[in-house]
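Asker: Sharing a structure below in structure tokens format, with a few things to ask.
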Amino acid sequence: MSGNPVSDFDFAQLRRFPDIEAENLFAHDATDELILREAEQALALAGHGEVAIVGERYGALTLATATVHGLHGLRVQQDGLSGENALAANALRAGLRESYTSMPLSAELFDRVKVVLWQLPRSLDEVAEVAELIAAHANPQVQIIAGGRIKHMTLAMNAVLAQHFSAVTAGRAWRKSRPLLINGPVNDGTAPSFPRREFHADLDLWLCAHGATFGGSKVDVGTRFLLEFLPQMQPQTSFAIDLGAGNGTIAAALAKARPDIHVTATDQSAAAVASTTATAAANGLADRIEVVRDDALGTFADESAELILLNPPFHIGATVHAGIAHKLFIAAARVLAPGGELWCVYNRHLDYRSALDKLVGPTEVVGRNSKFTVSVSRKS
Ligand SMILES: C[S@@+](CC[C@H](N)C(=O)[O-])C[C@H]1O[C@@H](n2cnc3c(N)ncnc32)[C@H](O)[C@@H]1O
């Protein structure tokens, strides 16, 4: 694999910023390099505007393609806003901001494209949603060069891909990553199956979910516990924020339980934002739930809310990292008005109480079961 022009690309120039940066977190991985090497020939033959990049992390696939192959008009999909911002910052530094357009997962992303580079996700639903869209909208001759970490790839993934493509071939593994070469889209004209929707009779709620959404259309067990405390949360307030909204369970349950309340649901994930929007509509609550794609409340004014609800993530991709929860606590503290409340649910084994005390204000544990803790922190 040596002597390949991709090896001339300086991956070390890439940064994760404004996403969390830490010693064990990287802005590119072996899968990026492997995909680019496997795609060399296809990219050499591709024209401007004929390449889509799916699941881009921080810009490795996009900026190496633009640099090594001189291609522009790249269409790039990233679920997370912080990844999108990191790509923009990396592209600006490299003078390549004009080489690509960020796009949501949609028909337009794949419309007649001839090459797709794809960092495979772990979620089978996400694989299915992407595969369905490529098969329905890409050029019939499309070549898809996908890759992932071997430990996250399963035969079930191949089975999902085989429903949408006539050829799925595994390539040679390299540094714990494996490529999949996929072609022959099967477009049988069936209607898109996302967002999926599911009715939860116990909550009297429809939940909707695009493939990349945390928990799909299920109710998270921690969230279910948090919802038991809804009546105690700032009973007088008429405005609340659902921070990290996912499929919109919290926003919808709160709006349903309290007809006088307006909720802004926010998430950095494009799939979560689309899912929460669909959940609000499915429950007839769209007039009281506003949905915003935003990284850690970045667009919210200081001291503008009296109630924030949060079930924080503790993974970044496949890496367990407390930094993301702390980042959201700091964000909530800034946006809460004095006396405002941050309600959190988290795994019992995680000791977030001292961090909440320090970052937000006096924190009381109001509920504990065998798995979860629910706390309320009051902004002083
Ligand atoms: C554990 S899930 C909870 C989802 C949903 N609230 C529920 O209860 O099912 C955490 C959510 O936080 C979102 N998230 C992660 N980092 C974020 C950030 N920097 N800004 C906003 N949302 C973020 C994730 O996309 C995910 O949807």
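The values are calculated or read from the model by the stated rules, or taken from the named source; none is laboratory data. Bear in mind the structure is a predicted one, so any value in this text is a computation, not a measurement. Quick reminder, even Gly has a Cβ in these numbers, built from the backbone with ideal geometry, and neighbours come from all protein chains shown. Note: accessible area is taken over every heavy atom of the protein model, side chains too, but ligands, DNA and RNA are not part of it. Shrake-Rupley method; radii C 1.70, N 1.55, O 1.52, S 1.80 Å.
Asker: So between residue 236 and residue 139, what do we pick up on full extension, going 0.36 nm a residue minus the alpha carbon distance?
Answerer: 29.4 nm
Asker: Please state the shape class of region 196-378: rounded when a/c is under 1.5, otherwise prolate if a/b exceeds b/c and oblate if not, all from the C-alpha gyration tensor.
Answerer: Here region 196-378 falls in the rounded category.
Asker: What is the local net charge at residue 265, summed over the other residues whose Cβ is closer than 9 Å to its Cβ (Lys, Arg +1; Asp, Glu -1)?
Answerer: Values: positive: none; negative: 242, 267, 290.
So the environment of residue 265 carries a net charge of -3.
Asker: Residue farthest toward the positive end of the dipole of region 5-185, with Cβ of Lys/Arg at +1 and Asp/Glu at -1: which of 159, 72, 171?
Answerer: Positive-end residue among those listed: 171.
Asker: State to the nearest 20 debye the size of the charge dipole of region 192-345 about its Cα centre, where the only charges are +1 on K and R beta carbons and -1 on D and E beta carbons.
Answerer: Values: 10 positive and 16 negative charges, 76 e Å.
With only Lys, Arg, Asp and Glu charged at Cβ, the dipole is about 360 debye.
Asker: What residue among 214, 107, 193 has its Cα farthest toward the positive end of the dipole of the chain, where the charges are +1 on Lys, Arg and -1 on Asp, Glu, each on the Cβ?
Answerer: Value: 214.
Asker: Step through the residues of region 363-372 one at a time and calculate ³J(HN,Hα) from phi using the Karplus curve (6.51 cos²θ - 1.76 cosθ + 1.60, θ = phi - 60°), rounding each to whole Hz and writing x for Gly and Pro.
Answerer: Per residue, the Karplus-derived 3J(HN,Hα) values read 10, 10, 7, 9, x, 8, 10, 5, 10, 10 Hz.
Asker: Rounded to a whole number of µm²/s, how large is the Stokes-Einstein D of the chain at 25 °C and 0.890 mPa s, given Rh as the Kirkwood radius over C-alpha pairs?
Answerer: Working: Rh = 21.8 Å.
Estimated diffusion coefficient is 113 µm²/s.
Asker: Out of the GluC sites (Glu not before Pro) in region 1-105, which ones are loop residues according to DSSP with at most 13 other C-beta atoms within 10 Å? Mind showing how you got there, number by number?
Answerer: Values: sites: 21, 23, 33, 38, 40, 50, 56, 84, 98; in loops: 21, 23, 50, 56.
In loop regions of region 1-105 (DSSP not H, G, I, E or B), the sparsely surrounded GluC sites (Glu not before Pro) are 21, 23.
Asker: For residue 44 paired with residue 199, estimate the spin-label separation in nm (one decimal), with each label point 7 Å from Cα along the Cα-to-Cβ line.
Answerer: Label at residue 44, label at residue 199, 5.8 nm between them.
Asker: Something else: Residue 139: net charge of surrounding residues, Cβ under 15 Å, Lys/Arg +1, Asp/Glu -1, itself excluded?
Answerer: Values: positive: 75, 112, 114; negative: 50, 108, 111.
Result for the neighbourhood of residue 139: 0.
Asker: When the accessible area of the chain is computed with all protein chains present and a 1.4 Å probe, what percentage of it is carbon and sulfur?
Answerer: Numbers: 8650 of 16580 Å².
That fraction is 52 percent.
Asker: I would also like to ask the following. Which net charge results when you count Lys and Arg as +1 and Asp and Glu as -1 among the other residues whose beta-carbon is under 11 Å from that of residue 291? Each step should come with its number before you reach the end.
Answerer: Details: positive: 293; negative: 242, 267, 290, 294.
My count for the surroundings of residue 291 gives -3.
Asker: Relative contact order, percent, of region 196-378 when contacts are C-alpha pairs under 8 Å separated by at least 6 residues?
Answerer: On the way: 393 pairs, mean separation 34.5, N = 183.
Computed over region 196-378, the figure is 19 percent.
Asker: Shifting gears a bit: Can you tell me the accessible area per residue over the chain, all protein chains present, probe 1.4 angstrom, in square angstrom? Intermediate results must be reported in sequence, preceding the final value.
Answerer: Details: 16580 Å² over 380 residues.
With the other protein chains kept in place, the chain gives 44 Å² per residue.
Asker: Taking the DSSP beta bridges in region 80-198 as the whole, what percent of them are antiparallel, to the nearest 5?
Answerer: About 70 percent, rounded to the nearest 5.
Asker: Would you mind working out the magnitude of the charge dipole of the chain relative to its Cα centre, with +1 at each Lys and Arg C-beta and -1 at each Asp and Glu C-beta, to the nearest 20 Debye? Walk me through the numbers before you get to the answer.
Answerer: Values: 33 positive and 41 negative charges, 163 e Å.
It works out to roughly 780 debye.
Asker: If you filter region 237-345 for GluC sites (Glu not before Pro), then keep DSSP loop positions with at most 15 other Cβ within 10 Å, what is left?
Answerer: Values: sites: 290, 303, 306, 341; in loops: 303.
Of the GluC sites (Glu not before Pro), the ones in loops of region 237-345 whose Cβ has at most 15 other Cβ atoms within 10 Å are 303.
Asker: Under a point-charge model restricted to the Cβ atoms of Lys and Arg (+1) and Asp and Glu (-1), what is the dipole moment magnitude of region 323-380 relative to its Cα centre, in debye to the nearest 20?
Answerer: On the way: 9 positive and 4 negative charges, 20 e Å.
The dipole magnitude comes to about 100 debye.
Asker: For residue 159 and residue 72 in one chain, what is 0.36 nm times their gap in residues minus the Cα-Cα distance, to one decimal in nm? All intermediate terms of the calculation are to be shown ahead of the outcome.
Answerer: Details: separation 87, 0.36 × 87 = 31.32 nm, distance 3.32 nm.
Once the chain is fully extended between residue 159 and residue 72, it gains 28.0 nm.
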